[in-house]
Amino acid sequence: MFIPTLERQCTSEQREKFLPLCYDYRIIGTYAQTELGHGTFLRGLETTAHYDPNTQEFILNSPTISSIKWWPGALGKTSTHAVVLAQLYTLGKCHGIHPFVVQLRSLDDHKPLRGITVGDIGPKMGFGPNDNGYLKLHKHRIPRTNMLMKYSQVSPDGTYTKPPRSTLTYGTMTFVRVLIVHGSAIALAKASTIAIRYSAVRRQSELRPGEPEPQILSYPTQQHKLFPLLATAYAFHFVQLAMMKIYTDVNDQINNSNFSRIQELHALSSGLKAFTSWVTNAGLEVCRMSCGGHGYSQASGFPRLYADFTPSCTYEGENTVLMLQSARYLVKCVRDARSGKTLPGTVSYLSEDVSAVHSGGSSGRDLSNLDFLISLYKQRASNQVHFASDKVDRGISAGMDLVGALNSASVHLVSAAKAHSHYFIAKTFVESLKLLKASSELQNVLHQLASVYVFEGIAQSSGDFIEDYILSGSEAKTIRQLAVDLLPLIRVNAVSLVDAFSFRDEVLQSVLGRYDGNVYENLFKWAQNSPLNKTDVHPSYHKYLGPLLKRNQSKL
Ligand SMILES: CC/C=C\C/C=C\C/C=C\C/C=C\C/C=C\C/C=C\C=C\C(=O)SCCNC(=O)CCNC(=O)[C@H](O)C(C)(C)COP(=O)(O)OP(=O)(O)OC[C@H]1O[C@@H](n2cnc3c(N)ncnc32)[C@H](O)[C@@H]1OP(=O)(O)O
Ligand SMILES: Cc1cc2nc3c(=O)[nH]c(=O)nc-3n(C[C@H](O)[C@H](O)[C@H](O)COP(=O)(O)OP(=O)(O)OC[C@H]3O[C@@H](n4cnc5c(N)ncnc54)[C@H](O)[C@@H]3O)c2cc1C
């Protein structure tokens with residue numbers, strides 16, 4: 001995050017100064033924004049940067065215990081520099097959060113500089129090798145030119161020039177949220193690869209006396225656990241491509257001082273980051289548990305995969321907070337639509353009158369038609385957004401201010417943002433396949449995946465569709481059965497569909513997911529290499545177990 005921030009927030013002179021040092025690994029940096037007391041509420045960050053016009057320096061300070069920077073990756077022992085987000089003060093006025101490049105350690109002996117107290121925050125649930133750290137600043141001085149001044153400036157005499165948009169400071173977070181959508185796709189693809197390959201190798205139980213034990217991948221329940229997640233990994237692959245395209249287009253516009261789509265990008269990236277990381281987080285556990293006891297072994301790769309992925313739901317914007325950010329924008333769009341404004345592409349459906357399109361229960365609707373079902377996802381999303389938006393309006397009519405009305409409706413707002421994100425993902429998946437240049441055989445297999453993703457998405461949220469009369473109960477049951485009917489068809493290609501992710505064994509880091517399927521021999525080999533097996537009799541025997549056993553044996 002250090003380099004993307006410099007690339008996005010530096011003047012051209014600052015780029016020339018800092019970026020070559022980064023690219024050549026002459027300095028290593030981190031992104032120090034979160035503090036002990038604040039991670040979500042950025043306007044509440046307490047680190048200060050006071051401008052001293054006499055020396056043309058900023059004085060950075062951690063005024064309270066809660067202002068200590070806390071969590072930034074590689075801050076503890078590795079980074080020589082940091083982008084520090086601090087409240088800018090100049091000529092006696094506070095101008096809010098701004099980014100500053102701060103050198104933390106000497107480039108000669110790597111010792112912390114004067115005014116810098118830095119260290120590791122201690123062991124975490126995962127990310128063991130990463131020295132997430134703390135940083136306490138004590139009246140640490142940096143040159144004026146270390147404030148990243150592409151969008152806002154402080155002149156030598158201390159005069160402040162404000163940015164075209166205050167939220168341009170948040171640009172790196174948007175970029176990383178887009179990466180996390182990709183990260184979710186990759187993590188779920190890895191977990192699906194491990195679970196499906198192992199399920200093809202593992203044989204268990206005797207369905208009928210004398211019959212060979214079947215592959216557990218042949219059990220419909222195992223298929224129902226894994227194949228919707230496999231389809232989701234493909235869905236997330238396509239949606240991260242679409243998200244990155246939108247990010248690149250909007251970022252190009254921002255670089256040309258066109259800020260018209262910055263809110264739409266923030267809302268979409270926030271919703272997709274939260275939706276994909278929540279779904280992946282839960283999916284990793286389903287994949288682990290589908291592998292029985294061996295799934296719980298470190299040898300499976302699942303413990304590390306989960307422990308390293310699960311903070312994706314927290315960092316780069318806690319998921320609930322980001323869903324609320326997305327919903328806040330959707331409510332704004334409903335108002336804009338009502339006042340006749342044209343809405344941008346990803347939310348234009350909110351100005352359509354979808355309610356008249358479908359009414360649940362009418363017979364003869366083709367419930368296997370993906371285009372039709374995507375229109376139901378659209379109706380569900382539109383209904384949820386309008387319902388939540390109406391809640392906000394009623395709160396305001398009852399005398400609340402906007403913040404109070406948004407907070408009061410926040411549970412429904414999160415549901416609306418989830419439905420919006422789900423619609424975008426399902427629609428993108430189906431549309432991406434139409435554009436794919438592939439053989440009819442491949443198109444058929446991918447259509448099966450898209451179908452099971454769309455069907456199962458409705459089955460798992462059928463309440464939303466039934467409550468709003470988008471589907472009747474019997475139609476929801478039919479769609480649920482359509483998903484189950486697809487499972488044996490996907491079974492035929494399941495291993496090939498995970499092989500297609502092409503994870504090398506060294507990357508997958510899983511004995512269960514080995515490409516050669518040689519699991520048992522390698523599990524035994526892996527166990528023999530366990531540190532506890534260095535000696536037949538563990539040294540602890542002589543200290544504890546031996547004396548205990550001998551003492552009790554003498555009583556026999
Ligand atoms: C090449 C790679 C290939 C593959 C990748 C594959 C695998 C990689 C895997 C993972 C991805 C990579 C990296 C991740 C790995 C490890 C993690 C590493 C680091 C983690 C770093 C961090 O966590 S950094 C810190 C992150 N912190 C946050 O995100 C803070 C969240 N909080 C906020 O953003 C703000 O508090 C808030 C915006 C939520 C609220 O702000 P507030 O001011 O209180 O309130 P509002 O009034 O709601 O907002 C004001 C207006 O500002 C608009 N806004 C807010 N944010 C933005 C934004 N980002 N962009 C644009 N606009 C924004 C908001 O909409 C409001 O506007 P209005 O018009 O409505 O007023
Ligand atoms: C592995 C890891 C790596 C990290 N790396 C970095 C890094 O490199 N740089 C960096 O600066 N930070 C980093 N962070 C910090 C991370 O960005 C924050 O933890 C994250 O932004 C969440 O903020 P918080 O911890 O203050 O949670 P909080 O905001 O305190 O969240 C706690 C609960 O409060 C709820 N909540 C908060 N605000 C609201 C609201 N307005 N409405 C409703 N509910 C709300 C949340 O939904 C959540 O349930 C990292 C964190 C982790 C775990």
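The values are calculated or read from the model by the stated rules, or taken from the named source; none is laboratory data. These figures come from a predicted structure and were not determined experimentally. Neighbour counts are summed over all protein chains in view; Cβ atoms, including those assigned to glycine, are modelled from backbone coordinates with ideal geometry. Note: accessible area is taken over every heavy atom of the protein model, side chains too, but ligands, DNA and RNA are not part of it. Shrake-Rupley method; radii C 1.70, N 1.55, O 1.52, S 1.80 Å.
Only a single criterion out of (1) closer than 17 Å to Arg261 by Cβ; (2) within 16 Å of ligand 2 (Cβ to nearest atom); (3) open to solvent by 50 Å² or more (accessible area, probe 1.4 Å); (4) hydroxyl-bearing (Ser, Thr, Tyr) is not satisfied by Tyr329, namely (3). The condition of being part of a helix (DSSP H, G or I), outside the structural domain of Gly317 (by TED's automatic domain parsing) and modelled with pLDDT of 95 or more holds for only one of Thr145, Thr169, that being Thr145. The helices (runs of 4 or more DSSP H) found entirely in the range 259-329 that carry 2 or more residues being within 11 Å of ligand 1 (Cβ to nearest atom) and within 21 Å of Leu179 (Cβ to Cβ) are 262-289, 302-309. Across the range 229-254, what is the number of residues that are more than 20 Å from Ala187 (Cβ to Cβ) and open to solvent by less than 10 Å² (accessible area, probe 1.4 Å)? Counting residues in the range 229-254 that are more than 20 Å from Ala187 (Cβ to Cβ) and open to solvent by less than 10 Å² (accessible area, probe 1.4 Å) gives 1. When you check Leu413 against the structure, is it under 20 Å from the mean Cα position of the chain (by Cα) and surrounded by 14 or more Cβ atoms within 10 Å (Cβ to Cβ), yes or no? So Leu413 fits the description; yes.
Exactly one residue among Glu475, Glu521, Glu506 is assigned to a helix (DSSP H, G or I) and open to solvent by less than 60 Å² (accessible area, probe 1.4 Å), and that residue is Glu475. Within this structure, Thr64 fails the test of being among the hydroxyl-bearing types (Ser, Thr, Tyr), away from ligand 1 (no atom under 16 Å from the Cβ), in contact (Cβ under 8 Å) with a residue 12 or more places away in the chain and buried (at least 19 other Cβ atoms within 10 Å of the Cβ). When Glu206 is tested against (1) more than 16 Å from ligand 1 (Cβ to nearest atom); (2) surrounded by 14 or more Cβ atoms within 10 Å (Cβ to Cβ), exactly one condition is not met: (2). Whenever a residue of the range 33-49 is of a type in the set (Lys, Arg), its partners that are more than 8 Å from ligand 2 (Cβ to nearest atom), lying with C-beta atoms within less than 8 angstrom and at least six residues away or across chains, give the pairs Arg43/Gly96; Arg43/Ile97. Scanning the range 115-136 for residues that are of a type in the set (A, V, I, L, M) and within 14 Å of ligand 1 (Cβ to nearest atom), we see that the one that is nearest to Tyr315 (Cα to Cα) is Met125.
Answer yes or no: is there a residue in the range 342-359 that is assigned to a helix (DSSP H, G or I) and of a type in the set (D, E, K, R). No; the residues of the range 342-359 include none that is assigned to a helix (DSSP H, G or I) and of a type in the set (D, E, K, R).
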